[in-house]
Amino acid sequence: MSAAASAASAEHEFFVQEDLSGGWNNVDAPTQLAANESPDLINKTLDERGGAVDRLGLESLATISGVGQHLFYWQTETLLIYQVGDNVYKTTDWSSSTLIKSFTTSDAADFADFLGKLVIVHPVDGVWTYTTAGGLVHLAGGTNRMDQVKGNTVAAWQNALFVGGDPRADYRTYVWRSAVADPHSWDTSATGNWIAVRTKDDAPITNLGVAEGQDVQGRPGLVVCKDESSYRINDPATLDYTVLHQKAGASGRMAMVNLHGYTCFLNKHGIWRTDGVNEPELVSKKIQRLFREEQIAFDQLAKCSAGVKDDRIVFSIPRKTDSTPSPTVNNFTIEYHPLDGWLVPHNFGIAAYATFGADSSKLHGLSPSAAKAYEVFSGGTDDGAAIATRFQTKWYEPKPGQKCRFRRARGRGRGSFDVYSLRDFNETLGTADASLALAVSGEAEGESDVWSLGVGRFFALEVRNSSSAAATLPKLLGDGVGAESGASAFYGFVLDF
């Protein structure tokens, strides 16, 4: 090889990025992002190897009697329980619904599964139990006092029931406890059957949840949240408790879920994670610019809802936008992986979630503004509307301090999407540099080239897609069932410069 040829070859270099698993980062400066993070994305989820995949949609399951406000899966009788206004219904498959109970007000109730019974607690009408065979039970007076215990959050823990969220001024900090193994006995006259959580303030209890971990004495715990503080009840008999955090809390009765040994909840300060023993950790630091009053309707954040889909958690919240500066319902969703730590945003909201049955791949939800029930992350559309997605890589500097001629970007993925090359922090998009048709079937992976991308120091790629379809991945072992996935996926690129 001649000297001239060797020099030319030495100037020809490659930059490879095949890990996009860092998720959304709206806090750090463009040059400070990790190589696998994105400063701007919407409606993309991340797969096991860190590819950016179009999210699945909202598949309409049924039209219900009104806009729903709570949804619960009752495992004992394999029924979905939901509330519309002052009515509570049950359904097996959304094909038909049966009225269980009409309350005196439309205040939000909560539900628990305890000793084979559906336990219902209402802020005004108190505690009720229900079975299909025996109907409703509500015992007032004496030592039963189901009419005296009021609230909007209930948890079954250590063979007893615990209720919080009493709206009455004198009891707003109370956690009520039932008799052991008896959901019909609430002797509120005995001081050992309730405790007032007043360490920090007189703010009301917003949420109760069973802690995932045990303390050094081997004791399980019950997590008690207010809007801006959290506690751990250590002993179901004495109700003694410790403070977990004086800022971490749950904004509402549906803002807490458990997954992978963690209890996760959301308030106006962000998303928190705890094992129920140690101090909650703020896990939303990379997206903290979202948790500001100009971004979220804090006065509506009590409507936040949380759900579990496979190994991820979703939180729906009321986000302010140019078109909706004062939202009154959840219109935005954050997907969070509690083990890998990434977070990604989606432009839909859900009023209430429930994981259906033992199948963790089925997540149901109620529309926050229409009388509809959905399967969440199913199908290729949002109730018939196409889903628009985008994903921008971070800004890379392939040759620090030097300008480069970007000859070619070889994109890797599946499906079809538009690819834009960006240079030197100019984020204005013109005509797509190319439309990558990586695999006609939408199943197999492929790659395609985008040529002559210009000159600059900094480089980024943005991919966009709008689709009404979903893809079916290859069958497992050739004869199994192929999983449903988003229409397209972007797995990274090789830059020739």
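The values are calculated or read from the model by the stated rules, or taken from the named source; none is laboratory data. The structure presented is a predicted model; accordingly, all values stated were derived computationally and were not measured. Here the Cβ is made from the backbone with ideal geometry for all residues, glycine too, and neighbour counts use every protein chain on show. With ligands, DNA and RNA removed, areas are computed over all heavy atoms of the protein, side chains included. Shrake-Rupley method; radii C 1.70, N 1.55, O 1.52, S 1.80 Å.
When the accessible area of the chain is computed with all protein chains present and a 1.4 Å probe, what percentage of it is carbon and sulfur?
Details: 9650 of 20370 Å².
Within the chain, the accessible surface is 47 percent carbon and sulfur.
log10 I(q)/I(0), Debye, Cα-only the chain, no solvent, q = 0.10, 0.13 Å⁻¹? Once normalised to I(0) and log-transformed, intensities are -0.80, -1.20. Extension gain for Glu397-Asp310 works out to 27.7 nm (0.36 nm per residue, less the C-alpha to C-alpha distance). Between amide H atoms placed 1.01 Å from N, distances below 5 Å from Gly454 occur with Phe406, all of them 5 or more places distant or on a separate chain. For segment 5-64, trypsin sites (Lys or Arg not before Pro) are listed when DSSP marks them as loop and at most 16 other Cβ atoms sit within 10 Å of their Cβ; the list is Arg49. A simple spin-label model places the labels of Val455 and Thr131 8.2 nm from each other, with each point 7 Å out along Cα-to-Cβ. A 1.4 Å probe run over the protein chains yields, for the chain, 41 Å² of accessible area per residue, whole-number rounding. Against the compact-protein benchmark of 2.2 N^0.38 Å, the Cα-based radius of gyration of segment 203-346 scales to 1.03. Computed on segment 266-373, with alpha-carbon pairs under 8 angstrom and 6+ residues apart, the relative contact order is 19 percent.
Here r is the Cβ-Cβ distance between Asn87 and Phe356 and R0 is 22 Å; the resulting FRET efficiency, rounded to 0.05, is 0.55. Look at where the Cα atoms of segment 189-214 and of segment 372-420 average out, and the two centres are 45 Å apart.
In units of the compact-protein estimate 2.2 N^0.38 Å, segment 120-198 shows a Cα radius of gyration of 1.01.
A simple spin-label model places pseudo-atoms 7 Å from Cα toward Cβ; at Ala469 and Thr188 they are separated by 6.0 nm.
Could you pull out the pairs from Lys268/Lys303; Lys372/Lys475; Lys101/Lys362; Lys303/Lys372; Lys150/Lys226 whose alpha carbons sit more than 21 Å apart here? Before the final figure, lay out each step's value.
Details: Lys268/Lys303 12 Å; Lys372/Lys475 32 Å; Lys101/Lys362 26 Å; Lys303/Lys372 17 Å; Lys150/Lys226 17 Å.
Pairs exceeding the cut-off: Lys372/Lys475; Lys101/Lys362.
Computed from the C-beta positions of Glu281 and Asn347 and an R0 of 25 Å, the FRET efficiency is 0.35 to the nearest 0.05.
Using 0.36 nm per residue and subtracting the Cα-Cα separation, the extra length available between Thr78 and Val210 on full extension is 45.4 nm.
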